[in-house]
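Undergrad: Below is one structure. I have some questions about it.
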Amino acid sequence: MTQIWRRWVKTLIGLLALLSTGMIIAPLQDKLVAQTGENDGNTSLEGLEQGAGQGIVLAVLGGFRTLMADILWLQTMQAWEKEDLNKTLSLIQFTTTVDPEPKFFWLNGARIIANDMPHWDASQGRTPEETHQKMQALAQAAISFLQNALLQHPEKPDWLMEIGHIHLNKLKDPVTATHFYKRAYLEFETAPYYIARLHAQLLQRVGRDQEAYEFLTWLHSTLPDDPYAQSGVVLGRIRKLERRLGIPVKETYRSRDVTQ
């Protein structure tokens with residue numbers, strides 16, 4: 001099944017590449033020459049990519065941006081399958097330049113950079129220190145990429161959450177991760193409830209029990225009657241922290257609510 005799927009994808013990529021070359025790229029090349037007044041033989045897709053920083057791409061592509069971004073992402077996947085780091089990274093960045101609207105490109109692009117690329121070229125005999133440095137550099141590159149996504153989509157919590165995941169899982173920095181999880185939950189009404197619970201859990205992991213307790217009591221008081229909010233779970237964690245912190249019964253959270 002996997003082989004059939006890959007064959008279908010490769011066929012689709014080939015057809016789209018042919019379509020882009022014959023029906024889209026050629027007219028765009030003519031427009032690029034007309035706008036720049038230059039025809040140095042570099043008005044191909046690669047030429048457009050190099051000119052992206054000057055805003056040429058946006059002017060040239062016009063109404064073709066959505067289709068071109070889809071084609072570019074398919075080419076990104078082709079480079080990804082070959083574990084071509086430089087080309088994959090370049091195409092990820094170019095795709096989001098051509099069409100910055102789809103969240104899919106930003107989120108999956110960042111995950112490829114942070115999660116997949118550190119494992120590429122593993123056979124080159126790098127030392128553990130070199131491997132660590134490469135992972136750190138790619139994690140930081142993914143974070144920078146997500147910060148650009150936040151500028152493009154300031155209404156979404158996804159970017160802060162993903163930055164938190166990278167700090168936690170790749171940079172092994174739970175303290176910084178707690179900061180981004182808290183920001184995501186407090187700044188965006190659409191942030192999922194689990195991010196708040198994860199923030200408190202990490203505070204406990206790094207020994208900040210009192211801060212976790214104060215956050216959880218606040219959180220519980222704001223939770224709606226929604227199964228996803230997991231108010232019972234939150235209350236259970238509050239009670240455990242009260243015992244750990246030695247809080248007197250009379251001072252416990254909602255101590256006068258006998259149902260709690």
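The values are calculated or read from the model by the stated rules, or taken from the named source; none is laboratory data. Owing to the predicted nature of the structure, the values given are computational and were not obtained by experimental measurement. Virtual Cβ from ideal backbone geometry, glycine too; neighbours counted across all protein chains shown.
Undergrad: Counting residues that are at pLDDT 95 or above and farther than 28 Å from Thr95 by Cβ, which helices (runs of 4 or more DSSP H) fully inside the range 152-260 reach at least 2? Before the answer, list the steps.
TA: Numbers: elements: 158-169, 174-187, 193-205, 209-222, 231-245.
It comes to 174-187, 193-205, 209-222, 231-245.
Here's the yes/no breakdown for (1) in contact with a strand residue (DSSP E or B) (Cβ under 6 Å, 6 or more places away or on another chain); (2) surrounded by fewer than 21 Cβ atoms within 10 Å (Cβ to Cβ); (3) not aliphatic (A, V, I, L, M):
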| residue | (1), (2), (3) |
| --- | --- |
| Lys172 | no, yes, yes |
| His179 | no, yes, yes |
| Glu187 | no, yes, yes |
| Ala191 | no, yes, no |
| Arg205 | no, yes, yes |
| Arg208 | no, yes, yes |
| Ala212 | no, no, no |
| Ala229 | no, yes, no |
| Leu235 | no, yes, no |
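Undergrad: Scan Arg205, Arg244, Arg254, Arg197 and give me the residue that is basic (Lys, Arg), over 25 Å from Pro157 (Cα atoms) and in contact (Cβ under 8 Å) with a residue 24 or more places away in the chain. So that I can check it myself, show each step before the final result.
TA: On the way: Arg205 fails: over 25 Å from Pro157 (Cα atoms); Arg254 fails: in contact (Cβ under 8 Å) with a residue 24 or more places away in the chain; Arg197 fails: over 25 Å from Pro157 (Cα atoms).
The match here is Arg244.
Undergrad: Right, another one. Where residues in the range 62-97 are in a helix (DSSP H, G or I) and charged (D, E, K, R), which of them is farthest from Ala110 (Cα to Cα)?
TA: So the first thing to find is which residues in the range 62-97 are in a helix (DSSP H, G or I), and the list is 62-81, 85-97.
Keeping just the survivors that are charged (D, E, K, R) gives 65, 70, 81, 87.
Working: Arg65: 21, Asp70: 17, Glu81: 16, Lys87: 15 Å.
Once the filter is applied, the top-ranked residue is Arg65.
Undergrad: Being over 30 Å from Leu186 (Cβ atoms) and of a type in the set (Val, Ile, Thr) is the filter; apply it to the range 122-161 and report the residue that is surrounded by the most Cβ atoms within 10 Å (Cβ to Cβ).
TA: Thr131
Undergrad: So, in the range 80-98, exactly how many residues are in contact with an Asp or Glu (Cβ under 8 Å, 6 or more places away or on another chain) and of a type in the set (Asp, Glu)?
TA: Of the residues in that region, 1 qualify.
Undergrad: If Ala79 passes every condition in (1) out of contact with any Ser or Thr (no Cβ under 6 Å at 6 or more places or on another chain); (2) closer than 14 Å to Asp116 by Cβ but one, which one does it miss?
TA: (1)
Undergrad: If you go through the range 200-247 one residue at a time, how many are acidic (Asp, Glu) and under 15 Å from Lys182 (Cβ atoms)? Before the answer, list the steps.
TA: Initial filter on the range 200-247 (acidic (Asp, Glu)): 209, 211, 214, 225-226, 242.
In the following step, the residues that additionally are under 15 Å from Lys182 (Cβ atoms) were identified as 211, 214.
Matching residues across the range 200-247 total 2.
Undergrad: For residues that are touching a residue at least 12 places away in the same chain (Cβ under 8 Å) and either within 12 Å of Glu162 (Cα to Cα) or aliphatic (A, V, I, L, M) (or both), tally how many sit in the range 99-139.
TA: Residues meeting the conditions: 13.
Undergrad: Out of the range 144-193, which residues are under 30 Å from Thr131 (Cβ atoms), β-branched (Val, Ile, Thr) and touching a residue at least 24 places away in the same chain (Cβ under 8 Å)?
TA: Of everything in the range 144-193, those that are under 30 Å from Thr131 (Cβ atoms), β-branched (Val, Ile, Thr) and touching a residue at least 24 places away in the same chain (Cβ under 8 Å) turn out to be Ile166, Val175, Thr178.
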